[in-house]
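Q: Quick one: this structure, given as structure tokens, is what I'll be asking you about.
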Amino acid sequence: MKILSIETSGPLCGAALSDNNEIITQYSTQGGNIHDKLCAELSRRVLEDNELAVKDIDAVAVSSGPGSFTGLRI
């Protein structure tokens, strides 16, 4: 089962791909208030680097908090 995981709830913004409970690819960056600019790009890079399309993903996991209001809205 391929899962795209996205983290935006804290200072770290990241996206990862796991397959059968094993992390295959993970990209993250830490910086202030840039999650909106990087979340889509990190997710796109994870998919592209693994030669996958959105239709190949079985599930998407996101952090639900606690965290900043803006970070969770993204």
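Q: Sort 19-30, 40-51, 4-15 by packing, meaning the average of other beta carbons within 10 Å per residue, with the highest value first.
A: Final packing ranking: 4-15, 40-51, 19-30.
Q: Just add up the charged neighbours of residue 44: K/R +1, D/E -1, any other residue whose Cβ is under 15 Å from the Cβ of residue 44. Walk me through the intermediate numbers first.
A: Working: positive: 37, 45, 55; negative: 36, 41, 48, 49, 51, 56.
Computed value for this residue: -3.
Q: Distance between the C-alpha centers of the range 1-24 and the range 38-56? Whole Å please.
A: Value for the Cα centre distance between the two parts: 11 Å.
Bear in mind these aren't lab numbers, they're just calculated from the coordinates by the rules spelled out. Since the structure is predicted, the reported quantities are computational estimates derived from the model, not experimental observations. Note that each Cβ is placed from the backbone with ideal geometry, even for glycine, and that neighbours are counted across all protein chains shown.
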